[in-house]
Amino acid sequence: MIDVKNLRKEFKKTIKEPGLKGSFKSLFKPQTKRVVAVDDISFEVPKGEILGFIGPNGAGKSTVIKMLTGILTPTSGKCEINGKNPTENRKSYVREIGVVFGQRTQLWWDLPLRETYSVLKEIYEVPDDRFKSRMSFLNEVLELDDFITSPVRTLSLGQRMRADIAASLLHSPKVLFLDEPTIGLDVVVKENIRNAIEHINKQEKTTVILTTHDLADIEALSNRIVMIDKGRNVFDGTVSELKTKYGQIRELHFETEERNAAQALCYEKLFGGNIGGLTLEQEGKAVKARFDSSVVPVSEMLAYTLSRINVTDISVRDADIEEIIRRLYQQGVSE
Ligand SMILES: Nc1ncnc2c1ncn2[C@@H]1O[C@H](COP(=O)(O)OP(=O)(O)OP(=O)(O)O)[C@@H](O)[C@H]1O
Ligand SMILES: [Mg+2]
């Protein structure tokens, strides 16, 4: 179980006045400024869950992961993984966790992949027979065979990511931290990586914290989401709770012969222009209008549209999770 309570991290940043004089001054009398990267974050993750840990750029996700993995020491607050504090008992703690930072590899650049795993075997003291069976399992799930003899520096990004994930799993950790494991990958490789994560979670009951900007990862893998912004919690719940809570966004789809539907409809006239971010896109006959049903009720939207132009094939759909989260990131959340 992962237990995070009122976690906070401040960094001291050196500020330098411009010019040579400034450099000189900052060398001898450095001026520092406090940066609050993580303000106040709390959440719990039960064993075996895949938690989607999301938020806009700079929200503090990687800093939280670094505190959970013991790379950074919190300024205040609690983080405990299976009753252990990540910064104490480092040696026994690292055996229980696996970590992947998608932005940079943790593998040795010049070593052939196979040897990298042999080094890790020694570091984690994995017995020979266990290592053998583990390697064949990881080979099967992550398809490492094609490049296992190549030096890491020659691997493609997708191969490198699979290799990194295998490395993080070699010692059968109970908890796996994945910070953007699908960043920069094509759709096919993304899909392979998702399948591998799902397989390992199901087979070994590994608890996973997954950070991503690709919401398809979340939809495929995690039932629960913790969303943060500016170092604070903004949402904690299931994907369907998120949809219920913020999912008043609807899409009206229809076809029309009207070549400029926006002009003909003139939605600005609805409610005297108070239409809450209503947008309209047209491609040939197909029109999609996106609106907030808490501002413009569905019935009003339908009645108004039908009264102004001739349409066929009209339907109203829920916005998908991608759209809800895009709006939350843009507008912020007030709870
Ligand atoms: N070592 C550091 N020194 C100073 N500030 C830092 C340091 N590390 C992170 N920060 C700041 O803390 C804030 C949170 O950064 P963090 O990397 O945790 O965000 P993130 O949610 O992972 O973003 P992204 O989605 O872009 O990866 C940012 O404003 C960042 O500039
Ligand atoms: Mg990050």
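Every number in this text was worked out from the coordinates using simple rules, so none of it is lab data. Since this is a predicted model, take the numbers as computed values, not measurements. Reconstructed Cβ throughout: ideal geometry from the backbone, glycine too, with neighbour counts over all protein chains shown.
Among the GluC sites (Glu not before Pro) found in the range 255-294, those both in a DSSP coil and sparsely packed, with 16 or fewer other Cβ atoms within 10 Å of their Cβ, are 257. The value of relative contact order for the range 184-335, using C-alpha pairs under 8 Å at least six residues apart, is 24 percent. One chain, two ends: residue 149 and residue 195. Fully extended at 0.36 nm per residue, the span grows by 14.2 nm beyond their Cα-Cα distance.
Distance from the C-alpha centroid of the range 176-226 to that of the range 5-36: 37 Å, rounded to the whole angstrom. If I take R0 = 22 Å and measure r between the Cβ atoms of residue 317 and residue 213 in this structure, what FRET efficiency does the formula 1/(1 + (r/R0)^6) give, to the nearest 0.05? The pair residue 317/residue 213 has a calculated efficiency of 0.40.
Mean-square fluctuations from a GNM of the chain, with a 10 angstrom spring cutoff on Cα atoms, peak among 311, 239, 45 at 311. Think of the chain as a dipole: +1 on every Lys or Arg Cβ, -1 on every Asp or Glu Cβ, centred on the Cα centre; then among 256, 324, 108, 108 lies furthest on the positive end. Loop-resident GluC sites (Glu not before Pro) (DSSP state other than H, G, I, E or B) in the range 74-129 with no more than 12 further Cβ atoms inside 10 Å of their Cβ: 88, 125. A simple spin-label model places the labels of residue 32 and residue 15 1.5 nm from each other, with each point 7 Å out along Cα-to-Cβ.
State, as an integer percentage, the relative contact order of the chain based on alpha-carbon contacts under 8 Å between residues 6 or more apart. Value for the chain: 19 percent. Over all distinct Cα-Cα pairs of the range 248-318, the Kirkwood formula returns a hydrodynamic radius of 11.9 Å.
Cross-link pairs exceeding 19 Å in C-alpha to C-alpha distance, out of 174/205; 47/84; 121/202; 47/245; 132/190, comprise 121/202; 47/245; 132/190. For the pair residue 187 and residue 44, what calculated FRET efficiency results from E = 1/(1 + (r/R0)^6), where r is the Cβ-Cβ distance and R0 = 41 Å, to the nearest 0.05? For residue 44 and residue 187, the calculated efficiency is 0.80. Any idea what angle helix 19-28 forms with the longest principal axis of the chain, computed on alpha-carbon atoms, 0 to 90 degrees, nearest 10? Taking the Cα atoms of the chain, the angle to 19-28 is about 50 degrees. Pairwise Cα distances in the chain exceed 28 Å for 55 percent of all pairs. Just the number, please: percent antiparallel of the DSSP beta bridges in the chain, rounded to the nearest 5. Antiparallel bridges: around 70 percent, rounded to the nearest 5. 3J(HN,Hα) along the range 312-322, derived from phi through the Karplus expression 6.51 cos²θ - 1.76 cosθ + 1.60 where θ = phi - 60°, amounts to 10, 6, 7, 8, 10, 10, 6, 6, 7, 4, 4 Hz, with x in place of Gly and Pro. Fully extending the segment from residue 238 to residue 84 would add 52.8 nm, taking 0.36 nm per residue of separation and subtracting the current Cα-Cα distance. In terms of surrounding Cβ atoms within a 10 Å radius of their Cβ, 4, 187 rank from fewest to most as 187, 4.
Taking every DSSP helix (H) stretch of at least 4 residues in the chain, weighting each as -39,500 (n - 2.57) and dividing the sum by the residue count yields a mean residue ellipticity at 222 nm of -11000 deg cm²/dmol. Model label points for residue 255 and residue 298, set 7 angstrom from Cα along the Cα-to-Cβ axis, are 2.3 nm apart.
Using a simple spin-label model with pseudo-atoms 7 Å out from Cα toward Cβ, residue 75 and residue 172 lie 4.1 nm apart. For residue 9, a cut-off of 16 angstrom between C-alpha atoms picks up these lysines, skipping any fewer than 8 places away in its own chain: 33, 61, 66, 78, 230.
When the Gaussian network model of the chain links Cα atoms closer than 10 Å, the mean-square fluctuations of 225, 123, 325 top out at 123. Taking amide hydrogens as placed 1.01 Å from N in the peptide plane, the amide H of residue 98 sits under 5 Å from those of 175, 176, 177, each at least 5 positions away in sequence or on another chain. Can you sort 243, 5 by how many other beta carbons sit within 10 Å, fewest first? Lowest count first: 5, 243. Ranking of 171, 213 by neighbouring Cβ atoms within 10 Å, starting from the fewest: 213, 171. Could you identify which residue out of 284, 231, 98 has the top mean-square fluctuation in a GNM of the chain using Cα springs shorter than 10 Å? Result for the chain, Cα springs under 10 Å: 284 fluctuates most.
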